[in-house]
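Trainee: Pasting a structure here, questions to come.
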Amino acid sequence: MLDRIRIVLIGTSHPGNIGGTARAMHNMGLVDLALVAPRCEPLTSDTISRASGADHIVHGARTVETLEQAVTDCTLVVGASARSRTLPWPMITPRALGSRLPEELSGSKSRIALVFGREDSGLSNAELQRCHAHVHIPTNPDFSSLNLAAAVQVLAYECRLAWLAQQEEGGSAEIEPHQPLASHEELEHYFAHLERTLISIGFHDPALPRQLMARLRRFTLRARPERMELNILRGILTSTEKQVAQPEGRRHDVDGSDTSSS
Ligand code: SAH
């Protein structure tokens, strides 16, 4: 279970925090680290010294340019955030996140990502809106922001507690594997397709977005669609696009009959 939890650091600017993250991960038995567009040299003497012997985690880390590339195969993406944002998003506590892990990771292909933001500005709204849920570590409201590696430590610890509890219960044998959930990549293709279609039918004006796509994202991500369900939705979009492309007289009625007079 712990192998399939990915820690994603976006735009990190201090190598020491990358080393501290590696140490926190190795202490808790996590191995999978992804660095998105780091704003520093990831491997420096600061990294090695803060990693205290866990620098193999940094050597094994994948460095990519975008959040999408880091989480493309993940079925659950959770963003760690020190503060609340304009459009409220589903929130989960660190403890509840841990207790969901055994079920979330019961499918053999499932993988989850915990995403952490920049030291100075956290995660952007666009990044947060790519997450199924946000996790906030309850802190003093007057001083809510933890050091990046400390935040990783707290969530990695919750992952370990959940894993230990699962070991004590005798593994995940009783958990019913569910139908494969849509991956991040499949969801992003769906959102792009949905946006194109909504523009083509005149429902969505990108010049006047009114948070429409953000709200549709939140709704869809909350539902945790299976791959099959997303395929049905994409099928509906494809049929809609075909109908729009037809001259008006040749469009089909809702019952499927051709309305054109032939
Ligand atoms: N100044 C930034 C916070 C940066 S701390 C801001 O105001 O958003 C760096 C990262 O550590 C954050 O992006 C977040 O991923 C994580 N983090 C820090 N404190 C946290 C908290 N209380 N709960 C959840 N994540 C936290």
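Trainee: In terms of the Cα gyration tensor, with a ≥ b ≥ c the square roots of its eigenvalues, is the range 184-247 rounded because a/c is under 1.5, prolate because a/b exceeds b/c, or oblate? Write out the running numbers ahead of the final one.
Mentor: Values: a/c = 2.54, a/b = 1.16, b/c = 2.19.
Here the range 184-247 falls in the oblate category.
Trainee: Determine ³J(HN,Hα), in whole Hz, for all residues of the range 52-68 in sequence, where each value follows from phi through the Karplus function 6.51 cos²θ - 1.76 cosθ + 1.60 and θ = phi - 60°; x replaces Gly and Pro.
Mentor: Each residue of the range 52-68 in turn: 6, x, 10, 5, 4, 5, 6, 4, x, 6, 9, 10, 9, 8, 10, 4, 3 Hz.
Trainee: Could you give the radius of gyration (one decimal) and Dmax (whole number) of the Cα atoms in the chain, in Å?
Mentor: Cα-based Rg and Dmax for the chain come out at 21.4, 79 Å.
Trainee: Would you kindly state how much longer the chain becomes between H189 and E168 on full extension, computed as 0.36 nm times their sequence separation minus their alpha carbon distance, in nm to one decimal?
Mentor: Values: separation 21, 0.36 × 21 = 7.56 nm, distance 3.97 nm.
Result: 3.6 nm gained on full extension.
Trainee: Here is a further query. Calculate the FRET efficiency for R83 and R210 from the Cβ-Cβ distance with a Förster distance of 30 Å, rounded to the nearest 0.05. Mind showing how you got there, number by number?
Mentor: Details: r = 23 Å, r/R0 = 0.78.
Given R0 = 30 Å and the Cβ-Cβ separation, E is 0.80.
Trainee: Calculated from DSSP H runs of 4 or more alone, at -39500 (n - 2.57) each and per residue, what is the 222 nm mean residue ellipticity of the chain, nearest 500? Write down the numbers at each step before the final one.
Mentor: Details: 10 runs with 115 residues, N = 262.
Roughly -13500 deg cm²/dmol at 222 nm, from the helical runs in the chain.
Trainee: Right, something else. Which of V244, V115, V152 moves the most in a Gaussian network model of the chain with Cα springs under 10 Å?
Mentor: V244
Trainee: Could you tell me the distance between the Cα centroids of the range 192-243 and the range 1-68, to the nearest Å?
Mentor: Value for the Cα centre distance between the two parts: 35 Å.
Trainee: So if each residue of separation counts as 0.36 nm, and I subtract the Cα-Cα distance between R39 and R95, what length gain in nm does that give?
Mentor: Values: separation 56, 0.36 × 56 = 20.16 nm, distance 3.09 nm.
Once the chain is fully extended between R39 and R95, it gains 17.1 nm.
Coordinate-derived values only; no laboratory data. Keep in mind it's a predicted model, so treat the numbers as computed, not measured. A quick note on method: Cβ atoms are made from the backbone with ideal geometry, for glycine too, and the neighbour counts reach across all protein chains shown.
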